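I have placed the structure first, in the form of structure tokens, so that the comments after it can refer back to it.
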Number of protein chains: 2
Amino acid sequence: MKGFFKVQTPEELYRKLDRFKPLAFEKVRIDDSLHRVLYEDVISPVNLPEFRRSTVDGFALKAKDTYGTSEKNPAILRLIGEIPMGQISEIEVKDGEAVKVATGGMVPEGADAVEMIEFAESIDHHTLHVFKTLSPLENVIQIGEDVRAGEVVLRKGDRIRPQDIGLMAGIGITSIDVFLQPRVAIISSGDEIVPIETVPKPGQIRDINRYTIVSMVKEAGGIPIFLGIARDRFDDLKEKIELGLKESDMVVITGGSSVGTLDLTGEVLRSFPGTEILGHGVSIRPGKPTLVADINGKPFLGLPGHPVSAVVIFHFFGKPILKILSGLSREWATHQVKIKAKAARNIPSVPGREDYVRVRLEEKDGSFWAHPLFGKSGAISHLARASGLIKIGIDEEGLEQGEEAEVILL
Amino acid sequence: MKGFFKVQTPEELYRKLDRFKPLAFEKVRIDDSLHRVLYEDVISPVNLPEFRRSTVDGFALKAKDTYGTSEKNPAILRLIGEIPMGQISEIEVKDGEAVKVATGGMVPEGADAVEMIEFAESIDHHTLHVFKTLSPLENVIQIGEDVRAGEVVLRKGDRIRPQDIGLMAGIGITSIDVFLQPRVAIISSGDEIVPIETVPKPGQIRDINRYTIVSMVKEAGGIPIFLGIARDRFDDLKEKIELGLKESDMVVITGGSSVGTLDLTGEVLRSFPGTEILGHGVSIRPGKPTLVADINGKPFLGLPGHPVSAVVIFHFFGKPILKILSGLSREWATHQVKIKAKAARNIPSVPGREDYVRVRLEEKDGSFWAHPLFGKSGAISHLARASGLIKIGIDEEGLEQGEEAEVILL
């Protein structure tokens, strides 16, 4: 074995990911921008609302005309008309006058408040009684109260959500610049790995990692490109990795089950000029043999061959790299969706490495309980049953039953 | 106003959604199955692993040959060969013999344990010293230990995750039946609503709801079909709703800002034979005017026109209906992603309705703090800034600073 590199903590390796840079951008229509990452701050060209709007169904009037009114002592106003929805109105409200207006309708000139329909009574077509004292601006949204022209409403690096698309629609922005989606070359390796359509002979196994990693790349907003299964030979690995570097923004290889594959991969990487190995070996379980490199600015990730280890390591290192390439702001790049849960039974661990135990979550009495799914790291069935991974810190000897820890949702 | 229906609690309305039924199915390749919903239980046709595998790099041997060994008193074994990865081996291990094997490699006949390479020393090509006592089956995964042939590994109604696809790949399943994705017709309505490419005249506003609802349907796994903006007239509404019922599995309309639109919509629905109105008015804020109907088994959802209300109500009623149509198991259909957070300041509310206040979350000292974003319900900019909605129960008068409540993530 060629162990040139000392084992690092996950944090040490994380810090080195900062060297990678986001990709370029493209223009898309907002209809196609869901979950993309903004390349630019979005600045509103307009005020929202662009006119004074009523927030209720009722009567636009001057607030001062309602002062001191009550159910027993209504103000008597002259009803001078109605504001039709979506139309310009030339009506101007003067002292002692009121105009009917619907929710969202324009509050006409002169009026400064809207009496709700529940507190008014039409006596005849021209006479209105109102019962409730209003302050100026009550039930009125002012021009620019939601969004002011020139205001930054969304920021570069934001991941676009449905409500963000709605906001852009509201201010009339129809297309925007977003970061390109990273293309990720995926290579399986190992002499024992066969395509899943093949019936494996004794000693062979189907290529699970291709399918999990391709799907995880999709979930993280990348575009997966599967390059096939490499044999555990220098030339075959080199040919596929070279193709990956040419065709994509990041290369991911899943090792064979043997430790030797990632060592051989390390040799291949060192044969490229401009390769810097950032880590080979990380104090995390499962996943110790992890290999991370920078090849002329392009990230390379070597994952262990065990399907569970590959998923865990892609989750902790692959996704953050992808998020950086995608242009997500740094606070998002290393963000994990995690919740607190209590250990449903004792979960032992060995200090000196971060241990991620597969757990099934159960909600009971207002708390989450984490049931560990113990199993040798090849057990993909456990991962399919798991809700997430419970973390046991690098200095801890395990969790006692009832002890609380973070669960990272998968 | 035509208020035929009394206001219901969200729970009362939820319970009525159970009447809707999942759609039919289609066959897809597992490559295309990410986030789809299983129409069938997946039963493994094979054992996994299909042969006994080593979990370490080392030497396969009989455990009894290691009994009583130590660093000072190694067992001396005859090294009779090596198991090449991915190949069948005819070697049989006899008493006093060992065979080199890599992680994932086949454990040959006769051997029942694997000594790790760290606890062994090759003296010459044929002689091996081993130092550590092993129990039978140590470092060996047995046939079927991960998955047993005939075992149900995934269930009808599961949403397919990357690791589930990996599991199916591992047992050689290349295509599966999944529920069809619901097609959702979306209609905007309101005389004041204009397409976003249009410069609105005073009194008009851009069609925000089209964009938020289309995006939320996509996120929930549906296929949105936008049918255009209906004017607030019986005939126009009826024509578009009829088209929606013909072309899709669910119809969603967003009302104009006025309360009247959803009343008019209710009249249109009653003109179809086989319409059952399940609710018109729900004690939730924002979103009271919500309209839910069953038109010959097809769900119809009328959302308030206010953009924020529309998003909140689609989240609470639209998504659960979509999940039921998608075939998700019921426990998933009403599941919300929520976390606990403390109110960063007092948040007042009025009892008698569930109140969902937009909040921005901040993580500090190991807790989440919810900062309320107060604003009139039309304020789409607040929704874009919000991380989620904090719930104030129907009988509560609000939250005091520091009080804990659930936040539903948006």
- From A:Gly203, A:Gly144, A:Gly150, grab the single residue that is outside any strand (DSSP E or B), at pLDDT 95 or above and more than 23 Å from the chain's Cα centre (by Cα). A:Gly150
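Results for (1) assigned by TED's automatic domain parsing to the domain that holds B:Lys391; (2) under 30 Å from B:Pro289 (Cα atoms); (3) free of Cβ contacts under 8 Å to residues at least 40 places away in the same chain; (4) out of contact with any strand residue (DSSP E or B) (no Cβ under 7 Å at 6 or more places or on another chain), shown as yes or no for each residue.
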{"residue": "B:Phe20", "(1), (2), (3), (4)": "no, yes, no, no"}
{"residue": "B:His35", "(1), (2), (3), (4)": "no, no, no, no"}
{"residue": "B:Glu40", "(1), (2), (3), (4)": "no, no, no, no"}
{"residue": "B:Ala63", "(1), (2), (3), (4)": "no, no, no, no"}
{"residue": "B:Thr69", "(1), (2), (3), (4)": "no, no, no, no"}
{"residue": "B:Ile76", "(1), (2), (3), (4)": "no, no, no, no"}
{"residue": "B:Gly86", "(1), (2), (3), (4)": "no, no, yes, yes"}
{"residue": "B:Val93", "(1), (2), (3), (4)": "no, no, yes, no"}
{"residue": "B:Ala98", "(1), (2), (3), (4)": "no, no, yes, no"}
- Is it the case that A:Ala102 is assigned by TED's automatic domain parsing to the domain that holds A:Arg231, out of contact with any Phe, Trp or Tyr (no Cβ under 7 Å at 6 or more places or on another chain), among the hydrophobic types (A, V, I, L, M, F, W, C) and crowded, with 19+ Cβ neighbours inside 10 Å? no
- Query: What number of residues in the stretch A:374-399 are more than 24 Å from B:Lys338 (Cβ to Cβ), without any contact (Cβ under 8 Å) to a residue 40 or more places away in the chain and hydrophobic (A, V, I, L, M, F, W, C)?
  - Reply: 2
- Query: Which numbered condition trips up A:Tyr211, out of (1) more than 25 Å from A:Leu13 (Cα to Cα); (2) assigned to a strand (DSSP E or B); (3) within 13 Å of another protein chain (Cβ to nearest Cβ)?
  - Reply: (2)
- Among B:Ile295, B:Ile241, the single one that is touching a Ser or Thr at 6+ places or on another chain (Cβ under 6 Å), at pLDDT 95 or above and either farther than 25 Å from A:Ser54 by Cα or acidic (Asp, Glu) (or both) is B:Ile295
- Taking the condition at pLDDT 85 or above, surrounded by fewer than 20 Cβ atoms within 10 Å (Cβ to Cβ), within 14 Å of another protein chain (Cβ to nearest Cβ) and not in a helix (DSSP H, G or I), does A:Ile339 pass? no
- Message: For the stretch B:191-219, give me each residue that is without any contact (Cβ under 8 Å) to a residue 24 or more places away in the chain, of a type outside the set (A, V, I, L, M, F, W, C) and either in contact with a Phe, Trp or Tyr (Cβ under 9 Å, 6 or more places away or on another chain) or more than 23 Å from A:His35 (Cα to Cα) (or both).
- Response: B:Thr198, B:Pro200, B:Lys201, B:Pro202, B:Gly203, B:Gln204
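Determine, yes or no, whether B:Ser188 is touching a residue at least 40 places away in the same chain (Cβ under 8 Å), closer than 30 Å to B:Ala75 by Cα and either small (Gly, Ala, Ser) or assigned to a strand (DSSP E or B) (or both). Before you say what the answer is, go through the steps one by one.
Numbers: touching a residue at least 40 places away in the same chain (Cβ under 8 Å): yes; closer than 30 Å to B:Ala75 by Cα: no; either small (Gly, Ala, Ser) or assigned to a strand (DSSP E or B) (or both): yes.
No, not satisfied.
Looking only at residues that are on the phi > 0 side of the Ramachandran plot and out of contact with any helix residue (DSSP H, G or I) (no Cβ under 9 Å at 6 or more places or on another chain) in the stretch B:100-139, which one is modelled with the highest pLDDT? First the steps, then the outcome.
Here is the first cut: in the stretch B:100-139, the ones on the phi > 0 side of the Ramachandran plot are B:104, B:110, B:137, B:139.
Filter once more, so that each one left must be out of contact with any helix residue (DSSP H, G or I) (no Cβ under 9 Å at 6 or more places or on another chain): B:104, B:110, B:139.
Numbers: B:Gly104: 82, B:Gly110: 95, B:Asn139: 92.
Across the stretch B:100-139, the extreme among qualifying residues is B:Gly110.
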- Item | Criterion (surrounded by fewer than 17 Cβ atoms within 10 Å (Cβ to Cβ), more than 14 Å from chain A (Cβ to nearest Cβ) and under 30 Å from A:Met106 (Cα atoms)) met by exactly one of B:Glu239, B:Glu276, B:Glu247 | B:Glu239
- Could you check how many residues of the stretch B:270-318 are more than 21 Å from B:Gly190 (Cβ to Cβ) and among the small types (Gly, Ala, Ser)? 4
- Those residues of the stretch A:171-183 which are within 25 Å of A:Phe300 (Cα to Cα) and out of contact with any Leu (no Cβ under 7 Å at 6 or more places or on another chain), in sequence order: A:Gln181, A:Arg183
- Across the stretch B:24-45, which residue is farthest from the other protein chains (Cβ to nearest Cβ) among those that are under 30 Å from B:Glu109 (Cβ atoms) and surrounded by fewer than 19 Cβ atoms within 10 Å (Cβ to Cβ)? B:Ile43
- Message: Step by step: first the residues of the stretch B:342-384, then only those that are within 14 Å of chain A (Cβ to nearest Cβ) and of a type in the set (Val, Ile, Thr), then the one that is surrounded by the most Cβ atoms within 10 Å (Cβ to Cβ). Which residue is that?
- Response: B:Ile380
- If B:Ile229 passes every condition in (1) surrounded by fewer than 18 Cβ atoms within 10 Å (Cβ to Cβ); (2) within 12 Å of chain A (Cβ to nearest Cβ); (3) among the β-branched types (Val, Ile, Thr); (4) over 27 Å from the mean Cα position of the chain (by Cα) but one, which one does it miss? (1)
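Count, please, the residues in the stretch A:394-410 that happen to be within 14 Å of another protein chain (Cβ to nearest Cβ) and either touching an Asp or Glu at 6+ places or on another chain (Cβ under 8 Å) or surrounded by 15 or more Cβ atoms within 10 Å (Cβ to Cβ) (or both). Show your work before the answer.
The first filter runs over the stretch A:394-410 and keeps only residues within 14 Å of another protein chain (Cβ to nearest Cβ), leaving A:404-410.
Okay, now just the ones that are also either touching an Asp or Glu at 6+ places or on another chain (Cβ under 8 Å) or surrounded by 15 or more Cβ atoms within 10 Å (Cβ to Cβ) (or both), so A:405-408, A:410.
Looking only at that region, the number is 5.
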- Residue among A:Thr103, A:Thr198 that is farther than 30 Å from A:Lys246 by Cβ and either within 11 Å of another protein chain (Cβ to nearest Cβ) or of a type outside the set (D, E, K, R) (or both): A:Thr103
- With the first residue restricted to the stretch A:147-165 and required to be more than 11 Å from chain B (Cβ to nearest Cβ) and in contact (Cβ under 8 Å) with a residue 40 or more places away in the chain, and the second required to be surrounded by 18 or more Cβ atoms within 10 Å (Cβ to Cβ) and charged (D, E, K, R), Cβ contacts under 8 Å at 6 or more apart or on different chains are A:Arg159/A:Arg36
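Return yes or no: is B:Thr55 crowded, with 18+ Cβ neighbours inside 10 Å, in contact with a Lys or Arg (Cβ under 8 Å, 6 or more places away or on another chain) and away from every other protein chain (no Cβ under 14 Å)? Give the steps one after another, and end with the answer.
On the way: crowded, with 18+ Cβ neighbours inside 10 Å: yes; in contact with a Lys or Arg (Cβ under 8 Å, 6 or more places away or on another chain): yes; away from every other protein chain (no Cβ under 14 Å): no.
Judged against the criteria, B:Thr55 is not a match.
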- Quick one: in the stretch B:7-46, which of the residues that are assigned to a loop (DSSP other than H, G, I, E, B) and aliphatic (A, V, I, L, M) is modelled with the lowest pLDDT? B:Val7
- Condition test on B:Leu128, is it part of a strand (DSSP E or B) and farther than 30 Å from A:Pro195 by Cβ? yes
- B:Leu128 versus (1) of a type in the set (A, V, I, L, M); (2) farther than 26 Å from A:Val359 by Cβ; (3) within 14 Å of another protein chain (Cβ to nearest Cβ); (4) in contact with a Ser or Thr (Cβ under 6 Å, 6 or more places away or on another chain): which is the lone unmet condition? (3)
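Can you spot a residue in the stretch A:109-116 that is among the β-branched types (Val, Ile, Thr), in a loop (DSSP other than H, G, I, E, B) and touching a residue at least 40 places away in the same chain (Cβ under 8 Å)?
Step one: of the stretch A:109-116, the residues among the β-branched types (Val, Ile, Thr) are A:114.
With the extra rule that they be in a loop (DSSP other than H, G, I, E, B), the set shrinks to none.
Checked against the condition, which is being among the β-branched types (Val, Ile, Thr), in a loop (DSSP other than H, G, I, E, B) and touching a residue at least 40 places away in the same chain (Cβ under 8 Å), the stretch A:109-116 yields no hits at all.
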- Among the residues of the stretch B:58-88, how many are assigned to a loop (DSSP other than H, G, I, E, B), of a type in the set (Gly, Ala, Ser) and within 14 Å of chain A (Cβ to nearest Cβ)? 1
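How about the stretch B:155-185: which of its residues are under 30 Å from B:Val308 (Cα atoms) and not in a loop (DSSP other than H, G, I, E, B)? Let's see the steps before the verdict.
Applying the first criterion (under 30 Å from B:Val308 (Cα atoms)) to the stretch B:155-185 yields B:159, B:180-185.
Residues satisfying the conditions are B:Arg159, B:Arg183, B:Val184, B:Ala185.
The values are calculated or read from the model by the stated rules, or taken from the named source; none is laboratory data. These figures come from a predicted structure and were not determined experimentally. Virtual Cβ from ideal backbone geometry, glycine too; neighbours counted across all protein chains shown.
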